[in-house]
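Presented below is the structure to which this report refers.
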Amino acid sequence: MPTPILDSLQHVSDVKKLVLPQMEQLAEEIREELVEVLSKTGGHLGPNLGVVELTIALHHVFDCPKDFFTWDVSHQGYVHKMLTGRRALVRRMRQFEGACGFLMRAESAYDHFGAGHAGTALSAALGMATGRDLKGSDENVIAVIGDAALTCGVTYEALNNIAHHTKRLIVVINDNKWSIAKNVGAIASYLNRIVTSPRFTRWHKKTEDLLHRWNWKEFARLERKAEGIAKGLLVHAAAPGDVGTPAVLFEEMGLHYYGPVNGHNLAELINMLSFAKAADKPVVLHVLTEKGRGFKPALDSPEPFHGCGRFDPDSGDFAKSDDPPAWNQVFGSVMTKFADMDPQLCCITGAMPSGTGLNPYAKAHPGRFFDVGIAEEHAVLFAAGLATQGWRPVCAIYSTFLQRAYDMLIHDVALQNLPVMFCMDRAGVVEDGPTHHGMYDIAYLRPVPRILHMQPKDEDEFQDMLWTMLRHPGPSAIRYPRGAAAGIPRKEQPRTLEIGKAEVVRQGDVSESRKGRRAVLWGLGNMLRMAEQAADLLEKEGISCTVVNPRFIKPLDAALLEAQSRAADVFVTFEDHAVVGGFGSMVGETLDAIGCALPVVKIGWPDQFVEHGAIDLLRKKHGLTPEVAAARTLSALRKT
């Protein structure tokens, strides 16, 4: 499809020059381009299709980057990127040196606040607004939050403080009824009652008529005059079970509520945003959008098109793969099987039944499945409470998101020695970039007493580890990567692993005749294959190599390490994790404790925030390859 309006935009300010029909055409052009581009690169299609008109209207009314935008999660920022000079980067979405799938301050001056986790936008926007007030400047601050942000506790902490800290802040609730999965809980129901209330439907229709008849300034004058009377009438006239005034939740916190507004009606959006811009009080604008609008497959199936891989832009069918099932699919299958065997097992997730692989489990055991929304702190505390009642709760939370519940993990689970299982998907580097890399869970779990922590090399060991966790009397954690597993069949009956016992998968020559030419390689989880490949290269150089599958991060197999230290000249560790504070550090510290001075070559991610891009490319750039590992090992041996 030709994109003449989009092609004509030389600067974001050009959006202000467009008349309504041109902006409506621009919206269609952007949708066409999003579908075309993301069908090749993958990305967050559904959320961005839903905010096209809203993003155009924001840039039509406000002056970015002078005015400040914060976008909750920011995965819906692709349209914003296209309008702010990054259209070419968006065509290489999530590819190395292309656009990041989230907003990043380092990428553009138009990205005022980076994000990647839900619930952060409102607090950040309030900080910006308060900073503006302290300076005495006049910029507008707009926070675009998804309705899913209202399942995050931190959002309410911000709401509680807005009226106390600033008089000028615009909060746009992008209400599409979805986070990643369908929104759950009382807040989702509350917003739905606002939208479906007959009383408020009539009120909204009258408001819409006013907007069409008068400009926003006239509407604002009349609104201020009628506001108290109208809200009072709505409060006192509320029918049983009705929401009364839809503003109650926000008005009680000192914000003035307006809406719902049709998020795909540019004229209505522009009028209401202009009205909010002129307000001398904090304003909440409730905008209704459709996730996936303009692309029927995404509209019909919002969950798989939230963050998707490559697909056919005509049919919406996803690209087929001959790869083995993904780790999260294996997890969901095993949990479903174990729940059949153990009636005390229950699973908890934070708005990610699909991403964690738990949809089959939820269907098979709906009474023992709990989606708590994007509320990781609550999820862990909720699991702790379940555990006190004899249940075996499984918290299925991505490694990067479990960081948000660290205090609960320590104080409420580990300190009380409760048998909560933490299953951390997306451990290691992923394509989405630094907000989603699971690079720190070994480091943040290492200091916590009582934690059992593991990583499997394949699906069969994964099943055994999950079974071991289910039988463990205290807290436990398992980390596993995104993407295809190893393709190893699982045995019918799982077995309980011996706690803290590693597996030697290749035994090298430990005789004295090989003195000075012996390496021991410990490859954690999905990095075991790289350790074996590095061993092959080293053996071609005459180095005898022993390869170990550690299995257990904590407790580490210190007895095996000590035994191997007596017949080795160098240790090499491999981990899909930050080197600082990671698995290699544990090995080094353990060797130090037994008085072993052998060098430890640590293969892992460097002490920096790793960018987004294809995993193989990132590994090559940062030295996580068999070739680099072999070269560094040889260098260490030459120094001994």
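Brief remarks on what is shown
- With θ taken as phi - 60° and the Karplus curve 6.51 cos²θ - 1.76 cosθ + 1.60 applied, the whole-hertz 3J(HN,Hα) list for segment 529-545 is 4, 5, 4, 5, 5, 5, 4, 4, 5, 5, 5, 5, 9, x, 8, 7, 10 Hz, x standing for glycine and proline.
- Modelled spin labels at residue 167 and residue 488, positioned 7 Å past Cα toward Cβ, are 6.7 nm from each other.
- Using θ = phi - 60° and Karplus 6.51 cos²θ - 1.76 cosθ + 1.60, couplings along segment 420-427 (whole Hz; Gly, Pro as x): 9, 9, 9, 10, 9, 6, 6, 6
- For segment 464-471, backbone phi angles converted through the Karplus equation (6.51, -1.76, 1.60; θ = phi - 60°) give residue-by-residue couplings of 5, 5, 4, 5, 4, 4, 5, 9 Hz, Gly and Pro being listed as x.
- Dipole magnitude (debye, nearest 20) for segment 503-639, charges at Cβ of Lys, Arg, Asp, Glu: 280 debye
- Contact order for the chain, expressed relative to its length and based on alpha carbon pairs under 8 Å spaced 6+ residues apart, stands at 11 percent.
- Cα-centred dipole magnitude for segment 328-479, charges only on beta-carbon of K, R (+1) and D, E (-1), debye, nearest 20: 300 debye
- Folded to 0 to 90 degrees: helix 266-278 orientation relative to the chain principal axis, Cα: 90 degrees
- Sorting 522, 467, 605 from the fewest to the most surrounding beta carbons within 10 angstrom yields 467, 605, 522.
- Among 341, 546, 108 - extreme Cα towards positive end, dipole of the chain, charges at beta-carbon: 108
- Near residue 392, the amide H atoms lying under 5 Å from its own belong to 345, 346; only residues 5 or more places off or on other chains count, and H is placed 1.01 Å from N.
- Assigned charges on the beta-carbon of Lys, Arg, Asp, Glu; the chain dipole about Cα centre (debye): 540 debye
- Across 337/457; 296/320; 16/81; 167/291, pairs whose alpha-carbon gap is larger than 26 Å: 167/291
- Taking amide hydrogens as placed 1.01 Å from N in the peptide plane, the amide H of residue 437 sits under 5 Å from those of 430, each at least 5 positions away in sequence or on another chain.
- For segment 503-639, the number of Lys pairs with C-alpha atoms closer than 19 Å, counting only pairs eight or more positions apart or on separate chains, is 6.
- Contact order for segment 1-102, expressed relative to its length and based on alpha carbon pairs under 8 Å spaced 6+ residues apart, stands at 30 percent.
- For segment 328-479, taking Cα atoms only, Rg and Dmax work out to 13.8, 39 Å respectively.
- Amide H contacts for residue 308 (H built 1.01 Å from N in the peptide plane; partners 5 or more residues away or on another chain; cut-off under 5 Å): 43, 44, 45.
- For segment 399-480: relative contact order, % (alpha-carbon pairs under 8 angstrom, 6 or more apart): 41 percent
- Cβ-derived FRET efficiency at R0 41 Å, residue 251 paired with residue 499, nearest 0.05: 0.15
- Our estimate of slack between residue 314 and residue 13, defined as 0.36 nm per intervening residue step minus the Cα-Cα distance, is 105.0 nm.
- The long axis of helix 186-196 is offset from the longest Cα principal axis of the chain by roughly 30 degrees.
- Here is how the number arises for the chain: DSSP H runs of 4 or more residues each give -39500 (n - 2.57), the sum is divided by the residue count, and the result at 222 nm is -12000 deg cm²/dmol.
- FRET efficiency for the pair residue 66 and residue 96, taken as 1/(1 + (r/R0)^6) with r the Cβ-Cβ distance and R0 = 35 Å, rounds to 0.65.
- Helix 52-61 vs. the chain, principal-axis angle (Cα, 0 to 90°, nearest 10): 60 degrees
- Compared with the direct C-alpha span, the chain from residue 340 to residue 635 gains 100.9 nm at full extension, assuming 0.36 nm per residue.
- Peptides 416-425, 562-571 ranked from most to least packed by the mean count of surrounding Cβ atoms within 10 Å: 416-425, 562-571.
- Overall form of segment 317-359 per C-alpha gyration tensor (a/c, 1.5; a/b vs b/c): oblate
- Distance (nanometres) between label positions extended 7 Å along Cα→Cβ at residue 529 and residue 609: 3.0 nm
Every read-out reported here was derived from the displayed coordinates using simple, explicitly stated rules and does not represent laboratory data. Just so you know, these numbers come straight off a predicted model, no measurement behind them. So basically every Cβ, Gly included, is an ideal-geometry build from the backbone, and we count neighbours across all protein chains shown.
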